[in-house]
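Report on the structure given below.
The values are calculated or read from the model by the stated rules, or taken from the named source; none is laboratory data. These numbers come from a predicted model, not from an experiment. FYI the Cβ positions are ideal-geometry reconstructions off the backbone, even for glycines, and counts take in every protein chain you see.
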Amino acid sequence: MWNVLKAEVSYVFWRNLAAILIFSLMGIYFTESEMTKNPKPIEQLIKFAMMGLIVPAYLVKVHMQKVEYEENRIRQLMQLPLTVTQVAKTRIWQYVLVFLSVAPIWYYLIGRMGVASSWALTWLIITLITLALTFANIIGLANELQYQEKKRKVLTLTLFWGSGLLLVVPIFIGLFYEGVRNVYESIAKLALTPFGPIIGISLLIGILIPNLRVFLKRESYVQSHKPEISVSDFFRTFRGDIEYRESK
Amino acid sequence: MNTAISVKGLIKKYKGFTLGPLNLDIEPGIVVGLIGPNGAGKSTAINSMAGLLRTDGGETHINGGLVSQREIGWKFDLGYVSDDPVFYERWTGARNLQFLAQFFPDWSNDRAKELARRFDLDLDKKASQLSKGNRMKLYLVSVLARSPRVMLFDEPTAGLDPVVRSELLDVLWEIMETGKHSVLYSTHILSDINKIADELIFLIDGKIALRCTKDELLDKWRKLSFVAGREIENLPGEISRKRDGNQVMVISADSNATVQKMSALGVVNPEVTPMTIDEIAVAIMKGGNYVERA
């Protein structure tokens, strides 16, 4: 399993990390620059294009590739002498590593607040959603490569468009409605109080579990019996003591 | 010695289609061709046996090891090749092979290099830069380099040019000569089957319609043409019959029995023509009545 993780780190980790770092640095720039504080119309347009269109489009593109990448990678790993648990663990840990490695930057962005705080929070939410969907996707695929081809395509498209909308919509809403932006900022300010970690964890659980449930339910429907990886199994993978139930 | 592949009561259900229950034993040292029309369940059967599909019933043993998601021992003995190779796209072929090599103790770098040379495959190119045919070659090298005891091939020559296809079949032939390996080989290209298969399985609508040796099939199946002024009863082994005026053409799965009965009915000197694997396969898949008669 470590061989796979090592390969993944060298193959994809630095690339993902680089992309996230670039966007984070852009976030810092927009947080700190004079352009953000007192923008001219042309600068406002550039900001709109960068933050409202290019960044979300890139994130959607990355996510779309990720869904396909996951599907292919898991299909390959399932042919290696690895159990399905090891395959899922490998995939999940990779994303946990990426997330943890950028956590300080998120912390910095949220800490800076200011005009662009809504972006910081939005991006944090985006990351969490993407992470949650990716986990759900990994579990589902590792557990059930055997989706009927058509159903798998529907699933992939649902994940793509669903997560794509989740990525883009909050950003656009925040762009056009000051009221919404104020809500973002109020929430973001809360993150600096002792409530911050509680909100963060709630967000994580609130996004992760429903996604997993939907995913597992869908699989359950397709297979008409209990999936081999349940939600509790999923969390047990982090402790490394998962035991598999046989297919009923 | 263990049975190479042992399948017992294997069932996989999809909406509107059920594979099985399949019961199948494949002994070491033979190549079995899996033939069937599109949608017959060939890929489903192979993917189920390879542990890539969760089945709705039954079990598969590879070289004695139960195919299960909890155990991995059986994976060392199994080589699986589909028509959809997956690699780390930005890595070269050599690096992809290096990655796979660490999982398999029986991996031979020399063998991988030799196969790549025979397939005329440039291992220094990134996987993303390889053509469909070359990707398939890399996939084949990655499986054959570890000489698994059991190989499941699902349309492995799809997209390959005739030269590479022929090279692959030659390599397979050499591997099979050791008598230690077994292959279940699904394809639409019947000339491939004709070249390497010892036995044939015809899968129709998710069920095994016929399993027999290739030689038996080629020995027994014949086209019989004769003149008959009157209608004659169904003949033993008869698969299909066409009549054009007094001229009758019968396809028989047991030509000796058919000819014997024809003599008894007064039909003498029929023209008996041997059939190719292609013709036999078409007759079985087209008619489907063989399923009922078999």
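List of remarks:
- If only residues of the range B:222-252 that are part of a loop (DSSP other than H, G, I, E, B) and touching an Asp or Glu at 6+ places or on another chain (Cβ under 8 Å) are counted, the one that is surrounded by the most Cβ atoms within 10 Å (Cβ to Cβ) is B:Gly237.
To keep it simple, each residue is scored yes or no on (1) touching a residue at least 60 places away in the same chain (Cβ under 8 Å); (2) of a type in the set (Asp, Glu); (3) farther than 25 Å from B:Asp77 by Cβ; (4) crowded, with 21+ Cβ neighbours inside 10 Å.
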{"position": "B:Arg95", "(1), (2), (3), (4)": "no, no, yes, no"}
{"position": "B:Phe99", "(1), (2), (3), (4)": "no, no, no, yes"}
{"position": "B:Arg111", "(1), (2), (3), (4)": "no, no, no, no"}
{"position": "B:Leu123", "(1), (2), (3), (4)": "no, no, yes, no"}
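- Within the range B:21-80, the set of residues being over 20 Å from B:Asp192 (Cα atoms), part of a helix (DSSP H, G or I) and under 14 Å from the mean Cα position of the chain (by Cα) comprises B:Thr44, B:Asn47, B:Met49.
- The range B:3-20 - residue that is assigned to a strand (DSSP E or B) and buried (at least 21 other Cβ atoms within 10 Å of the Cβ) and, of those, nearest to the other protein chains (Cβ to nearest Cβ): B:Lys12
- So B:Asp110, is it among the charged types (D, E, K, R) and within 10 Å of chain A (Cβ to nearest Cβ): no
- Given (1) facing chain A (nearest Cβ under 10 Å); (2) within 28 Å of B:Thr178 (Cα to Cα); (3) free of Cβ contacts under 8 Å to residues at least 40 places away in the same chain, index of the condition B:Ala50 fails: (3)
- Considering the range B:56-88, and only residues there that are touching a Ser or Thr at 6+ places or on another chain (Cβ under 7 Å) and at the interface with another protein chain (Cβ under 9 Å from one of its Cβ atoms), the residue that is surrounded by the fewest Cβ atoms within 10 Å (Cβ to Cβ) turns out to be B:Arg70.
- Count of the range B:113-138 residues, restricted to those that are assigned to a helix (DSSP H, G or I) and within 14 Å of chain A (Cβ to nearest Cβ), is 4.
- Residue match in the range B:177-192 (condition: assigned to a helix (DSSP H, G or I), buried (at least 20 other Cβ atoms within 10 Å of the Cβ) and in contact with a Leu (Cβ under 8 Å, 6 or more places away or on another chain)): yes
- Some residue of the range B:159-166 being loosely packed, with under 15 Cβ neighbours inside 10 Å and of a type in the set (Val, Ile, Thr): yes
- If you filter the range B:89-99 down to residues that are within 11 Å of chain A (Cβ to nearest Cβ) and within 23 Å of B:Ala158 (Cα to Cα), you find that the one that is modelled with the lowest pLDDT is B:Glu89.
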